[in-house]
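Take a look at the structure set out below.
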């Protein structure tokens with residue numbers, strides 16, 4: 001069957017009919033259907049097609065070991081968030097997931113409960129703590145908690161090699177027998193996603209800002225439970241209702257109140273007053 | 001409005017509502033709608049998403065000044081052909097268009113009518129000729145004809161720098177006052193698109209071959225007429241009904257008969273017998 005405008009999707013989908021793997025055939029067939037529908041809906045011009053080819057090429061070429069521009073593109077189109085959400089439906093019974101983001105590209109350094117993860121002497125001190133439980137609130141043993149966040153200047157360590165200490169604002173913690181964890185850090189701050197590449201050009205051309213509201217990343221795993229990849233968001237952060245990557249869910253927002261308690265501050269090794277961020281996580285079996 | 005699975009496309013489309021350029025807003029809104037519909041239709045897994053990110057990244061990184069892997073991807077998904085066809089509807093009144101392909105990346109060398117474009121002493125000699133006319137068959141003056149084809153081994157000159165002479169099997173011709181053109185070349189041969197990159201991996205994984213049926217590329221322009229980008233296909237070529245890039249249209253297929261005429265062969269400077277390929281082009285005003 002030769003190509004024509006009318007049957008374009010049908011002709012191309014047919015070329016994938018011999019795909020040995022059923023799932024790959026299903027994915028490619030659907031991709032072709034939706035991609036052709038898009039091109040037909042907007043009647044894409046050749047000049048626009050050429051811009052798209054150039055944009056995708058530059059997006060790929062912007063990627064390096066510390067920069068993943070295609071994940072950024074997926075993020076700003078809401079695709080990352082959609083995939084994450086589809087694959088981690090909780091039915092309201094567990095902590096909701098959100099995007100991994102492009103900066104989980106190094107292993108977080110193992111740390112002890114209570115350790116300080118802010119190694120660059122910047123930011124507002126904050127005690128982060130919480131408890132990992134099962135669906136019914138029962139304590140979970142042997143939970144492993146991977147956390148990472150940007151520094152006070154809005155950059156992750158991997159974005160500033162030679163400027164930030166390696167492993168700055170990252171930590172891999174093992175919760176105690178009751179699933180409790182705590183560590184010292186700084187209050188997260190809103191920051192822009194990297195906008196000096198093709199994705200930044202797209203945001204600029206469409207009148208969108210590149211900012212993400214203040215958040216701390218978590219991946220929590222425990223034997224017998226489904227891992228969760230999520231963030232906790234700071235309630236009074238700018239951009240909470242216009243996250244550039246659509247990561248905010250109502251259930252993931254927390255207040256970060258100030259505590260004025262010199263004895264407690266001395267005990268945990270923070271200046272007084274300090275802030276506290278409490279984030280309990282409920283896992284699915 | 002915060003993100004949810006149900007309203008994902010709506011939330012992301014809303015983020016583009018402030019796009020200053022109306023057309024860009026229209027394109028991005030449609031793209032988001034179709035992209036999210038695809039992800040939801042197949043319920044893309046995180047592992048599949050990661051494969052897609054890696055595939056797109058490698059596709060971008062495979063591109064260099066003589067290789068455009070994203071155009072190849074667009075080609076094998078039928079998108080290039082769809083865009084070309086949408087933008088050059090002829091209503092049956094003019095020569096149909098087909099894909100540009102990734103190898104029109106250098107300027108064709110200007111040549112005189114009758115010149116030989118096969119500079120590498122390979123292939124079966126062929127006289128290529130035709131006439132450029134307007135919609136009613138009237139001769140068109142000052143038509144410029146850009147042609148390029150692969151050599152006998154299935155490669156374009158830009159794919160084999162240092163092996164093929166630069167400009168091999170390319171030519172930029174000016175037709176005569178009646179719109180007639182002729183030049184010496186070799187019979188085109190089917191060949192694979194470059195399949196040593198990500199696009200080749202996709203073809204392999206989906207059981208598709210990488211071949212294009214034998215063809216000769218044309219871009220024809222003349223003052224007062226719409227340019228046409230097309231091919232002429234050799235009627236008895238392999239893969240005529242399964243072109244890897246969906247470029248074949250019935251109206252673009254031609255026989256390439258053998259001619260046994262020593263006097264004519266001597267006159268045009270080809271060995272006897274030789275083949276002839278006649279391709280008349282009708283332009284839209």
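The values are calculated or read from the model by the stated rules, or taken from the named source; none is laboratory data. Computed from a predicted model, the values in this text were never measured in an experiment. Quick reminder, even Gly has a Cβ in these numbers, built from the backbone with ideal geometry, and neighbours come from all protein chains shown.
Counting only residues that are under 20 Å from residue A:99 (Cα atoms) and facing chain A (nearest Cβ under 7 Å), how many does the stretch B:54-66 have?
Residues flagged as under 20 Å from residue A:99 (Cα atoms) and facing chain A (nearest Cβ under 7 Å) within the stretch B:54-66 amount to 2.
Is there a residue being within 30 Å of residue B:27 (Cβ to Cβ) and buried (at least 17 other Cβ atoms within 10 Å of the Cβ) anywhere in the stretch B:130-148?
The answer is yes, given that some residue of the stretch B:130-148 is within 30 Å of residue B:27 (Cβ to Cβ) and buried (at least 17 other Cβ atoms within 10 Å of the Cβ).
From the list A:84, A:107, which one is under 25 Å from residue A:255 (Cα atoms) and in the same structural domain as residue A:275 (by TED's automatic domain parsing)?
A:84
Inspect the stretch A:55-68 for any residue being closer than 30 Å to residue A:279 by Cβ and either in the same structural domain as residue A:218 (by TED's automatic domain parsing) or without any contact (Cβ under 8 Å) to a residue 40 or more places away in the chain (or both) and give the result as yes or no.
Checked the stretch A:55-68: at least one residue is closer than 30 Å to residue A:279 by Cβ and either in the same structural domain as residue A:218 (by TED's automatic domain parsing) or without any contact (Cβ under 8 Å) to a residue 40 or more places away in the chain (or both).
With respect to residue A:200, determine if the residue is within 13 Å of another protein chain (Cβ to nearest Cβ), surrounded by fewer than 21 Cβ atoms within 10 Å (Cβ to Cβ) and modelled with pLDDT of 95 or more.
No: the conditions fail for residue A:200.
Residues in the stretch B:244-254 that are farther than 16 Å from residue B:130 by Cα and either in a strand (DSSP E or B) or touching a helix residue (DSSP H, G or I) at 6+ places or on another chain (Cβ under 9 Å) (or both): how many?
5
For residue B:215, indicate whether it is more than 9 Å from chain A (Cβ to nearest Cβ), over 16 Å from residue A:14 (Cβ atoms) and crowded, with 22+ Cβ neighbours inside 10 Å.
Judged against the criteria, residue B:215 is a match.
In the stretch A:226-236, which residue that is more than 18 Å from residue A:152 (Cβ to Cβ) and surrounded by 20 or more Cβ atoms within 10 Å (Cβ to Cβ) is farthest from the chain's Cα centre (by Cα)?
Per the stated criteria, the residue is A:228.
Within the bounds of the stretch A:76-93, is there any residue that is in contact with a strand residue (DSSP E or B) (Cβ under 8 Å, 6 or more places away or on another chain), closer than 30 Å to residue A:134 by Cα and facing another protein chain (nearest Cβ under 9 Å)?
yes
Yes/no per residue for (1) touching a residue at least 60 places away in the same chain (Cβ under 8 Å); (2) closer than 28 Å to residue A:17 by Cβ; (3) assigned by TED's automatic domain parsing to the domain that holds residue B:231:
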| site | (1), (2), (3) |
| --- | --- |
| B:137 | yes, no, yes |
| B:143 | yes, no, yes |
| B:185 | yes, no, yes |
| B:193 | yes, yes, yes |
| B:196 | no, yes, yes |
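Suppose we keep only residues that are surrounded by fewer than 17 Cβ atoms within 10 Å (Cβ to Cβ) and part of a strand (DSSP E or B) within the stretch B:255-284. Which one would you say is nearest to the other protein chains (Cβ to nearest Cβ)?
By that ranking, first place goes to B:278.
What number of residues in the stretch A:1-53 are more than 7 Å from every other protein chain (Cβ to nearest Cβ) and farther than 23 Å from residue B:33 by Cβ?
Looking only at that region, the number is 8.
Are there strands (runs of 3 or more DSSP E) fully within the stretch A:153-243 with at least 2 residues that are over 30 Å from residue A:272 (Cα atoms)? List them.
The strands (runs of 3 or more DSSP E) meeting that bar are A:228-234.
Which residue out of A:82, A:100, A:113, A:73 is assigned to a helix (DSSP H, G or I) and in contact (Cβ under 8 Å) with a residue 40 or more places away in the chain?
Every option except A:73 fails the conditions.
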